[in-house]
Each structure stands twice: as C-alpha cells, then as structure tokens.
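Let me begin by presenting the structure, written as structure tokens, before commenting on it.
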C-alpha cells in the first residue's frame with residue numbers, strides 16, 4: 001500500500017501554496033503558532049499539535065420530560081420523569097437550565113427507552129404530514145428538555161415528549177424540543193443526535209434553515225443536499241492502475257454523505273449559535289461502529305475548541321489572501337468553508353445532524369465503492385482523465401471555489417462534487433500506517449502512536465494530480481488551520 005509523505009515534508013506542495021509565498025509555519029496575524037507543522041515520520045503529521053485521542057464520558061445526569069422520562073446512564077424511561085430546568089408538571093422549563101443539565105448527560109446507556117407513552121409507529125404516523133415548524137427539536141447540539149410548542153408564541157402545541165416524530169423508528173425514541181427548527185429526536189444510546197425529516201435529499205439540515213439554495217453548477221441547489229451510498233465491500237487505496245495492493249478490504253454499510261463540502265453560509269449558522277452549538281458527550285457516533293466513542297466532551301473546554309463566538313470567528317481567519325470566512329455575509333457564502341480544525345469540523349457536523357465520515361467511508365465514496373475508480377468521476381473506473389472541467393486544482397493563487405462548480409462532470413458515483421480538489425476534507429480517523437485490518441465500518445478513533453488526523457481529496461493548489469486520486473491519503477494535526485482544509489459531513493441513512 002502506498003503511504004502518504006509527512007505533513008512537514010510535503011505540506012507546501014500538497015497544500016499548493018509555495019508558489020504564492022504563503023508560509024506553512026503559522027506566524028504573524030494569519031495563524032497561531034500552535035498549528036505550526038514541524039515535520040515528523042511518514043504520514044504522521046507533527047508532534048506537539050495533537051491531543052492524546054482518548055475519549056471521555058459524560059456525566060450521570062439525564063434529560064427528562066413530564067411524560068417521556070429520563071435517558072441517563074441506565075437507559076429506560078418512566079411515565080412521570082422528573083424535571084430538567086423547569087416544572088415537571090407542565091414541561092415548560094427554561095432552555096438555559098435544561099441545556100446545562102443536558103451537558104452532563106451520560107450517552108453511554110445500556111439501551112433505548114422502552115416505556116414511553118406511545119408507540120414509535122404511532123408517533124411517526126401522527127406527525128408524518130406535520131411541517132418542521134409544527135414539530136420540536138433539540139437545540140444547538142444540546143438537549144433542551146421539554147419546552148413544548150404551546151409555550152412559545154406562534155407555534156402550535158405539537159410536541160409529544162416520549163414520541164419520536166422522525167425516522168428511523170427502530171432506534172430513536174425520546175423526543176425533546178425547542179420549536180425553533182426541523183424535527184429532531186434524541187437517541188439515549190448515541191447522545192444528542194439531530195435526525196432530519198426524511199426526504200429524497202435527507203431533509204433540511206439545521207445549517208440550511210433559512211439559507212437560500214445557491215449551490216451546484218446552476219447555483220440553485222440546496223447546499224445541504226445529500227445522498228445515500230449503498231454499502232458493499234471494496235479495497236481501500238486500490239484502483240488497479242497505480243495502487244495495486246488488495247490487502248486492505250473494507251465492508252461499508254449504507255450511509256448518507258453530503259453532496260457538497262460545507263459552505264461558508266452553512267458554517268455561519270454554527271458560528272451564530274456558538275458555543276451553544278458544542279456537542280454533548282458521545283454525540284456524533286457512527287451507529288454502524290459500536291466502538292466509536294463519539295465526541296469527547298473534554299474537547300469543549302480543554303482548548304481544543306474556541307472559548308467563545310468571537311474566538312471562533314477569529315480562528316477561521318487563517319489567511320488574509322485565501323480564507324473564505326467573512327464576518328459579514330457576502331460573496332463567499334457558497335464557497336467551501338476553509339481554515340477549520342478537525343475539532344471544529346467534527347463539532348459542526350454533529351450540530352448539523354451528522355458526523356465526520358470515516359476514512360473508509362470517504363475512500364468508498366471517492367472510489368465509487370466496488371468500482372474502484374482512479375478519480376471520483378472515472379468512467380471506465382481505470383480512466384486517468386483529469387482536467388479543469390472536473391476539479392478545482394492546479395492553481396495556488398485561484399483560491400477556493402463555490403461548491404459543486406464542476407458538477408456534474410466531476411461528480412462521484414453517488415453525486416458528490418469536489419471529492420477531488422477545492423479543499424482537503426477532514427475524516428474521523430487518526431492517521432496510521434498500515435490500514436487497520438480487518439475492517440467492517442471501521443475507524444481508528446484511538447491510537448497512542450498516532451500524531452495526526454486523516455485528510456483526503458486534495459485542494460485547489462494541487463499541481464501534482466497524483467494527490468487528487470481516490471486512493472491517496474494524507475494527514476494533518478487536529479488543530480491545524482489552513483486555507484486548503486475543509487470538511488464534508490456524513491450521517492446515518
């Protein structure tokens with residue numbers, strides 16, 4: 001299996017910025033010294049810029065409702081649960097107190113609640129035609145327990161604690177709400193996970209609530225559009241042309257992946273909600289991987305994440321010439337968001353109802369699954385054709401483009417744009433060599449020897465097209481910010 005060169009050794013080439021004289025070393029007002037690459041062994045990134053990868057657990061508190069009960073460390077529910085930030089008799093507790101209680105929620109429960117006031121199927125049937133405004137949600141990645149709709153002006157009473165109003169019915173069973181956006185359900189096994197109203201495109205994600213449809217080649221598609229990738233077995237980093245090692249098969253279950261990289265407009269919603277948008281312990285788990293620990297709540301307060309909204313907005317201004325973030329919405333809203341750390345990418349995806357894709361999932365999408373494509377668009381799969389009609393690459397001074405600008409010519413098998421070029425995309429995994437084996441929905445979420453996280457896909461500055469192939473893997477420190485680093489979110493189908 002081919003392995004990636006080091007971040008320190010090839011960063012200037014890989015990120016495509018040497019030609020414009022932008023230093024990788026983080027200095028001046030562009031970036032902080034803490035994200036400065038310093039070399040390292042092959043494919044491992046840089047020592048001194050990464051966390052230890054351990055996963056913490058949440059507290060023992062629980063979120064409760066007047067009818068739905070609690071979802072704490074023991075799972076289960078009761079017909080007359082206690083209160084969380086409000087009166088248990090009327091379920092109209094304040095958001096602030098409820099959110100505070102919810103942050104100590106222990107996501108590692110023994111099983112889903114089973115004693116709610118109505119069956120899941122009944123809940124789904126009763127609310128199938130309700131509009132998002134008529135339903136309830138968890139807010140900002142934090143469980144807001146039982147602020148029912150009739151306590152908020154202009155919203156009808158339709159919150160039914162304990163009844164899940166959104167799919168999938170087989171695993172989500174505690175409804176909480178704040179009546180501010182699309183329907184969400186709370187899964188006591190996974191933590192606070194936002195599940196979208198199901199539809200052909202996966203529903204309306206939180207980051208697209210009120211956001212104009214400006215993505216894609218005609219600038220009229222939802223920036224939150226996604227598609228379901230049908231699971232199968234394939235070979236990681238294999239294309240039958242240049243990458244010839246079939247030693248690393250992986251079996252992937254069905255999952256949903258955004259068609260576009262996260263845009264500035266979408267990320268702006270996250271910033272506006274910050275720090276309420278910080279995840280709770282265990283959120284963002286891959287349901288197909290029982291070993292996935294999800295979000296480590298320690299990251300929210302140990303310096304991995306910015307302290308407040310001002311710090312977050314300042315942090316994503318990593319390059320005066322190439323950053324896409326602007327403090328005021330403008331012409332960059334449909335461009336891929338860059339300059340975000342691995343932690344911020346993960347937190348955003350969780351807040352938006354999803355998670356980071358695993359490296360295996362990302363490779364699967366780019367390779368067209370078992371087709372084992374050289375490039376995401378390769379047809380036949382062994383085609384080496386690459387040009388400016390298919391990807392944003394080869395020009396270090398061009399900067400990041402609007403997402404989907406090379407669609408459909410550059411799309412992958414399931415419709416994803418920019419899987420090669422535009423910005424490198426963070427994956428969940430620590431970067432290790434060789435790949436973990438065997439692999440069934442696998443991810444490297446804990447490895448004491450790992451020093452950096454996986455990034456895939458290449459960026460706008462790549463002149464060497466071998467860095468844009470579906471099989472190429474690279475790494476960056478978790479705290480690194482760069483104008484060629486962005487993200488695409490995955491979610492459960």
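The values are calculated or read from the model by the stated rules, or taken from the named source; none is laboratory data. What you are looking at is a predicted structure, and each value in this text was computed from that prediction instead of being measured. Counting neighbours? That spans all protein chains shown, and the Cβs are built from the backbone with ideal geometry, glycine included.
Here are a few things to note about the model shown:
- Qualifying residues in region 274-291 (those that are out of contact with any strand residue (DSSP E or B) (no Cβ under 8 Å at 6 or more places or on another chain), over 13 Å from residue 344 (Cα atoms) and touching a residue at least 12 places away in the same chain (Cβ under 8 Å)) - the one surrounded by the most Cβ atoms within 10 Å (Cβ to Cβ): 287
- Residue 382 vs. criteria in contact (Cβ under 8 Å) with a residue 60 or more places away in the chain and surrounded by fewer than 24 Cβ atoms within 10 Å (Cβ to Cβ): yes
- Residue count, region 336-369 (criterion: surrounded by fewer than 24 Cβ atoms within 10 Å (Cβ to Cβ) and within 26 Å of residue 304 (Cβ to Cβ)): 1
- For residue 443, the test of being touching a strand residue (DSSP E or B) at 6+ places or on another chain (Cβ under 7 Å) and either without any contact (Cβ under 8 Å) to a residue 60 or more places away in the chain or more than 21 Å from residue 216 (Cα to Cα) (or both) is passed.
- Those residues of region 466-490 which are touching a strand residue (DSSP E or B) at 6+ places or on another chain (Cβ under 8 Å) and more than 20 Å from residue 358 (Cβ to Cβ), in sequence order: 467, 482, 484
- Answer residue from region 339-362, given it is touching a strand residue (DSSP E or B) at 6+ places or on another chain (Cβ under 7 Å) and in a helix (DSSP H, G or I) and is farthest from residue 416 (Cα to Cα) among those: 342
- So residue 397, is it at pLDDT 95 or above, in the same structural domain as residue 286 (by TED's automatic domain parsing) and assigned to a loop (DSSP other than H, G, I, E, B): no
- Flag if residue 263 is at pLDDT 95 or above and buried (at least 17 other Cβ atoms within 10 Å of the Cβ): yes
- When residues of region 213-243 are limited to those that are in contact (Cβ under 8 Å) with a residue 12 or more places away in the chain and closer than 17 Å to residue 332 by Cβ, the one farthest from the chain's Cα centre (by Cα): 219
- For region 295-315, a residue qualifies if it is assigned to a loop (DSSP other than H, G, I, E, B) and touching a helix residue (DSSP H, G or I) at 6+ places or on another chain (Cβ under 8 Å), and the qualifying residues are 295, 304, 305, 306.
- Any hit, region 223-234, residues being surrounded by 14 or more Cβ atoms within 10 Å (Cβ to Cβ), over 17 Å from residue 357 (Cβ atoms), out of contact with any strand residue (DSSP E or B) (no Cβ under 7 Å at 6 or more places or on another chain) and assigned by TED's automatic domain parsing to the domain that holds residue 418: no
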